[in-house]
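A.B. asks: Right, I'll just put the structure down here and ask away after.
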Amino acid sequence: MTNPAVMDPPRHVAIIMDGNGCGAGARGLPRSAGHKKGVEALRRAVRAARDFGVDYLTIYSFSSENWSRPAPEVSFLMELLRRFIRQDVADLHKEGVKIRVIGRREGLDPSIAALLDEAEKLTASNDGLTLIVAFNYGSRQELACAARRLAEAVRDGTMAAAAITPEALAGQLETAGIPDPDLLIRTGGEQRVSNFLLWQMAYTEFVFVPEYWPDFDAAIFARAIADYHGRDRRFGGLKAHSA
């Protein structure tokens, strides 16, 4: 049932799921325990997004910089991803959720890449919530790749340099065809975007919440949306009543 507090939800919500390790440490638990709880929070977030009527939910699951973490932690995160896809994707498919993965596939463990492909193919025809998983993703790399493709098109004579517009560049991004996020939620109290959707969030409203990601639930989600509704979104223009 739709929460009355979010009767007019943002169309696209992006989430930086921060605080698994810190949240566990605050409770005297190992970081791995926080990551496990983080998967439960992800399930709650997806369910809340569907209930609230959000059309697109993008989650920052693993950045291109996260490979620098200790090898045991990275291995644990990869195993959690495998479990999530094997255990949850079938249920998401039944609920009409469409999964789309953004981020570099080159160099990934073949078993991980195959699971990502399988999740996308299985849910490709669904018309419910679109869950966009940013995995091995970095926005600067995405932008560099998009610029390179446009430069190659100009070099090959298939595109004029004058035709390189913001719209043309956006069409080369991994999020092509997806509306830009209306709202970004970052948990854990940090206030930065960490190389996430830098182009796409030019006019996104940011809401930073103090709770760690393992504690994220529908109530926190609804509170963030209520904050979003309190913003004056003018996209560089003036208020309707301004001269």
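The values are calculated or read from the model by the stated rules, or taken from the named source; none is laboratory data. Note that the coordinates shown come from a computational prediction; the quantities given were computed from them, not determined experimentally. Reconstructed Cβ throughout: ideal geometry from the backbone, glycine too, with neighbour counts over all protein chains shown.
A.B. asks: Do any helices (runs of 4 or more DSSP H) lying entirely in region 17-105 carry at least 1 residues that are among the acidic types (Asp, Glu) and modelled with pLDDT of 85 or more, and which ones are they? Write out each step before concluding.
C.D. replies: Values: elements: 20-26, 31-52, 71-94.
Counting at least 1 such residues, we get 31-52, 71-94.
A.B. asks: Let me ask something additional. For region 110-123, does any single residue satisfy the condition of being of a type in the set (Gly, Ala, Ser), within 18 Å of the chain's Cα centre (by Cα), crowded, with 17+ Cβ neighbours inside 10 Å and within 24 Å of Thr204 (Cα to Cα)?
C.D. replies: Taking every residue of region 110-123 in turn, none turns out to be of a type in the set (Gly, Ala, Ser), within 18 Å of the chain's Cα centre (by Cα), crowded, with 17+ Cβ neighbours inside 10 Å and within 24 Å of Thr204 (Cα to Cα).
A.B. asks: Since Asp117 meets every condition but one in (1) assigned to a helix (DSSP H, G or I); (2) within 27 Å of Asp51 (Cβ to Cβ); (3) of a type in the set (D, E, K, R), which condition does it not meet?
C.D. replies: With respect to (1) assigned to a helix (DSSP H, G or I); (2) within 27 Å of Asp51 (Cβ to Cβ); (3) of a type in the set (D, E, K, R), Asp117 is out only on (2).
A.B. asks: So Gln141 passes all but one of these: (1) in contact with a Leu (Cβ under 8 Å, 6 or more places away or on another chain); (2) under 26 Å from Gly107 (Cβ atoms); (3) not hydroxyl-bearing (Ser, Thr, Tyr). Which condition number does it fail?
C.D. replies: Going through the list (1) in contact with a Leu (Cβ under 8 Å, 6 or more places away or on another chain); (2) under 26 Å from Gly107 (Cβ atoms); (3) not hydroxyl-bearing (Ser, Thr, Tyr), Gln141 breaks only (1).
A.B. asks: Return the pairs, sorted by first residue and then second, in which the second residue is surrounded by fewer than 19 Cβ atoms within 10 Å (Cβ to Cβ) and modelled with pLDDT of 95 or more, the first residue lies in region 34-56 and is small (Gly, Ala, Ser), the beta carbons are less than 6 Å apart, and the residues are 6+ apart or on different chains.
C.D. replies: Once the first residue is small (Gly, Ala, Ser) and sits in region 34-56, its partners that are surrounded by fewer than 19 Cβ atoms within 10 Å (Cβ to Cβ) and modelled with pLDDT of 95 or more give Ala48/Ala218.
A.B. asks: Considering only residues that are among the hydroxyl-bearing types (Ser, Thr, Tyr) and farther than 15 Å from Ser63 by Cα, look in region 129-163 and name the one that is surrounded by the fewest Cβ atoms within 10 Å (Cβ to Cβ).
C.D. replies: So the first thing to find is which residues in region 129-163 are among the hydroxyl-bearing types (Ser, Thr, Tyr), and the list is 130, 137, 139, 158.
Remaining after also requiring farther than 15 Å from Ser63 by Cα: 130, 158.
Details: Thr130: 19, Thr158: 9.
For region 129-163, the residue satisfying everything is Thr158.
A.B. asks: Something else now. Name the single residue, out of those in region 201-233 being part of a loop (DSSP other than H, G, I, E, B) and loosely packed, with under 14 Cβ neighbours inside 10 Å, that is modelled with the lowest pLDDT. Full working, then the answer.
C.D. replies: From region 201-233, those part of a loop (DSSP other than H, G, I, E, B) are 201-204, 209-212, 216-217, 230-233; that's our starting set.
Right, trim to loosely packed, with under 14 Cβ neighbours inside 10 Å and you get 202-203, 210, 230-233.
Details: Ala202: 97, Tyr203: 96, Pro210: 95, Gly230: 92, Arg231: 90, Asp232: 80, Arg233: 74.
Result: Arg233.
A.B. asks: How many of the residues in region 108-165 are within 16 Å of Arg86 (Cβ to Cβ) and polar (S, T, N, Q)?
C.D. replies: Final tally of qualifying residues: 2.
A.B. asks: Just to be sure I understand, how many residues within region 160-200 are farther than 23 Å from Arg148 by Cβ and not in a loop (DSSP other than H, G, I, E, B)?
C.D. replies: Qualifying residue count for the region: 4.
A.B. asks: Only one of these conditions is not met by Asn195: (1) touching a residue at least 24 places away in the same chain (Cβ under 8 Å); (2) surrounded by 14 or more Cβ atoms within 10 Å (Cβ to Cβ); (3) closer than 20 Å to Ala224 by Cβ. Which number is it?
C.D. replies: Every condition holds for Asn195 apart from (3).
A.B. asks: In region 151-189, how many residues are without any contact (Cβ under 8 Å) to a residue 12 or more places away in the chain and among the acidic types (Asp, Glu)?
C.D. replies: Filtering region 151-189 down to residues without any contact (Cβ under 8 Å) to a residue 12 or more places away in the chain leaves 151-163, 165-167, 171, 176-177.
Then keep just the ones that are among the acidic types (Asp, Glu); that gives 152, 156, 167.
Residues that pass the stated criteria total 3.
A.B. asks: Limited to region 75-101, what total is found for residues that are under 18 Å from the mean Cα position of the chain (by Cα), in contact (Cβ under 8 Å) with a residue 40 or more places away in the chain and over 12 Å from Val39 (Cα atoms)?
C.D. replies: 3
A.B. asks: Follow-up. Could you pull out the residue among Val13, Val6 that is aliphatic (A, V, I, L, M), modelled with pLDDT under 90 and surrounded by 22 or more Cβ atoms within 10 Å (Cβ to Cβ)?
C.D. replies: Values: Val13 fails: modelled with pLDDT under 90.
Step by step, each of Val13, Val6 is checked, and only Val6 is aliphatic (A, V, I, L, M), modelled with pLDDT under 90 and surrounded by 22 or more Cβ atoms within 10 Å (Cβ to Cβ).
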